[in-house]
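Visitor: The structure follows.
Please treat every number below as a calculation from the coordinates, not as lab data. In this text, all values refer to a predicted model and were calculated from it rather than measured experimentally. Methodologically, a virtual Cβ is constructed for each residue, glycine included, from the backbone with ideal geometry; neighbour enumeration extends over all protein chains shown.
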Ligand code: AHR
């Protein structure tokens with residue numbers, strides 16, 4: 001008999017706004033992430049708008065992608081933006097030193113990225129080159145993108161086809177500077193970040209919010225150093241208008257990947273995995289909660305008002321690719337959907353501190369939203385979760401107490417059911433419920449304190465096997481279906497969510 005899960009939903013105690021940027025994406029010049037996945041060129045037989053795939057744009061629009069981080073990743077710290085502007089035929093034919101020395105034609109550069117964002121309706125999060133670049137190169141890029149049209153950088157931009165400045169609300173100051181982005185110690189990078197932060201700004205339009213490189217996984221010492229040494233301007237009073245009380249950084253990042261194996265060198269199978277592979281991956285994804293809580297606790301000591309965001313600007317399920325696949329290309333299975341639902345619930349629950357998260361990576365790389373094969377495209381089970389969860393974007397977080405049994409598999413142990421909730425501007429309550437158990441349904445009862453909703457409906461995503469995958473040319477097995485038997489009376493909700501599923505309940 002499956003053990004019950006009980007929820008106390010505190011709609012009477014609304015929490016913070018869930019930043020839409022928690023549903024952000026990350027795309028890097030890596031494998032088929034940009035070339036083929038987004039950019040096919042104007043002459044391609046694949047339907048495109050100014051070289052950008054229409055099918056991919058339509059899929060991304062549908063899930064309301066709010067922000068995209070580009071051009072990397074490790075690639076960002078070897079990228080020189082000037083190579084990617086001007087007439088296509090004259091652009092530098094580069095090698096991608098970060099990812100296998102493959103050619104990079106630079107056909108997709110700043111203008112193409114901004115055009116792509118415009119077609120989707122998303123905002124840019126541009127990562128500047130700290131590792132092999134300079135403050136001047138980064139500042140020149142900011143000028144090129146944001147300076148008014150009647151300045152030299154603005155005229156250079158206009159000569160390449162875009163007179164009006166672009167809004168660049170998010171700027172990443174390097175990437176993984178503890179590793180591929182420069183092999184720095186936390187102290188060295190804290191000093192470097194301070195230097196970049198003194199110059200990087202938007203020259204028109206909205207403020208450029210700087211995201212400093214934060215920790216990998218559980219490197220709490222890195223977070224401590226960055227908060228202690230890089231969060232603030234010099235404390236001594238200065239006549240410069242530039243110096244202010246506002247933190248130097250808008251956000252501090254965190255990178256965390258889910259494996260099904262034991263570490264970076266043994267990530268576990270991508271397809272054809274067993275229950276151990278399922279449980280190990282979900283157990284690791286569950287750790288996201290503890291990681292955020294512990295990094296946030298350090299941040300709280302320096303920034304009790306939570307002015308600085310924790311930006312989980314790389315997260316996702318990273319398994320071993322199948323032989324012959326392009327770099328970091330992964331098949332997409334039901335396990336990815338459950339990992340996505342679980343991770344997004346954790347971000348929503350930490351919305352007071354987590355105000356940005358970027359799935360790695362949006363197309364054809366690691367935990368993708370969409371996969372392409374030549375002219376074909378499929379949406380992944382992860383895409384369906386982002387589609388179900390888009391109602392949380394910008395909504396008010398509603399706290400939920402969760403009483404649920406543990407799901408135990410070998411050495412892996414984790415709560416069986418994960419939940420987050422929000423109330424949208426129209427007063428509609430949304431409850432996302434993930435059942436991590438591979439074969440036991442979860443009977444759920446919830447007390448909805450402080451709600452006036454009278455009807456409840458639910459849609460659920462599941463599949464026949466834990467490793468059911470999406471396949472080109474076949475029917476999509478992950479399309480969510482309506483759940484029968486959802487009851488609501490006297491603010492008491494009850495339903496049974498299927499095993500291995502992601503469910504969205506709507507109460508209006
Ligand atoms: O997402 C793939 C790589 O993982 C990124 O380039 C890097 O930042 C991280 O190590």
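Visitor: Computed FRET efficiency, Cβ-Cβ of residue 8 and residue 150, R0 45 Å: what is it to the nearest 0.05?
Guide: FRET efficiency, residue 8 to residue 150: 0.15.
Visitor: Determine the principal axes of the Cα atoms in the chain, then give the extent along each, sorted from largest to smallest and rounded to whole angstroms.
Guide: 69, 59, 43
Visitor: Hey, another quick one. Largest first, please: the extent of the C-alpha atoms of the range 364-451 along each principal axis, to the nearest Å.
Guide: Over the range 364-451, Cα extents along the principal axes are 50, 44, 18 Å.
Visitor: In percent, how large is the relative contact order of the chain, given Cα pairs closer than 8 Å and 6 or more residues apart?
Guide: 19
Visitor: Tell me the relative contact order for the range 326-398 as a rounded percent, counting alpha carbon contacts under 8 Å between residues six or more apart.
Guide: 32
Visitor: Place the peptides 360-369, 294-303 in order of packing, highest mean first, counting for every residue the other Cβ atoms within 10 Å and averaging per peptide.
Guide: Result, highest mean first: 360-369, 294-303.
Visitor: Also, I was wondering about something else. Based on other C-beta atoms within 10 Å, arrange 195, 162 from fewest to most.
Guide: By the 10 Å Cβ count, ascending: 195, 162.
Visitor: Which value does Rg/Rh take for the range 133-248 over its C-alpha atoms, Rh per Kirkwood?
Guide: Radius of gyration over Kirkwood radius for the range 133-248 works out to 1.03.
Visitor: For the range 1-62 and the range 153-194, what is the separation of their C-alpha centers, rounded to whole Å?
Guide: Each part's Cα centre sits 23 Å from the other's.
Visitor: While we're on this one: Between the helical axis of 275-302 and the dominant principal axis of the chain, each derived from Cα atoms, what acute angle in degrees is found, rounded to the nearest 10?
Guide: That helix lies at roughly 60 degrees to the long axis.
Visitor: Moving on. Based on the Kirkwood radius over alpha-carbon pairs, what is the Stokes-Einstein translational diffusion coefficient of the range 3-42 at 4 °C with 1.567 mPa s viscosity, in µm²/s?
Guide: 87
Visitor: I would also like to ask the following. Taking the Cα-to-Cβ direction at residue 201 and at residue 183 and moving 7 Å from each Cα, how far apart do the two end points lie in nm?
Guide: Once both label points are built, they end up 3.5 nm from each other.
Visitor: Which distance in nm do the two modelled labels at residue 474 and residue 264 give, with both placed 7 Å along the Cα-to-Cβ direction?
Guide: Between residue 474 and residue 264, the simple spin-label model gives 3.4 nm.
Visitor: Express the relative contact order of the range 357-508 as a whole percentage, based on alpha carbon pairs under 8 Å and six or more residues apart in sequence.
Guide: 24
Visitor: So for 434, 391, 128, fewest C-beta neighbours within 10 Å to most, what's the order?
Guide: 391, 128, 434
Visitor: Among 68, 85, which comes first, then next, by fewest other beta-carbon atoms within 10 Å?
Guide: In increasing order of surrounding Cβ atoms, one gets 85, 68.
Visitor: Still on this structure, I have one more. Hey, rough spin-label estimate for residue 95 and residue 49, points 7 angstrom out along Cα→Cβ, what's it come to in nanometres?
Guide: Distance between label points: 3.7 nm.
Visitor: Continuing with this model, one more query. Would you mind computing the Rg to Rh ratio of the range 282-397 from its alpha-carbon coordinates, Kirkwood style for Rh?
Guide: We get a ratio of 1.02 for the range 282-397.
Visitor: Which of the three applies to the range 49-178, rounded, prolate or oblate, going by the alpha-carbon gyration tensor with a ≥ b ≥ c and a/c under 1.5 meaning rounded?
Guide: Taking the square roots of the gyration eigenvalues as a ≥ b ≥ c, the range 49-178 is rounded.
Visitor: Give the distance, in whole Å, between the Cα centre of the range 310-342 and the Cα centre of the range 248-288.
Guide: 9
Visitor: What percent antiparallel are the DSSP beta bridges of the range 18-394, to the nearest 5?
Guide: 25
Visitor: Let me ask you something else. On a C-alpha basis, how far is the centre of the range 470-507 from the centre of the range 369-420 in Å? Whole number, if you could?
Guide: First find each Cα centre; the distance between them is then 12 Å.
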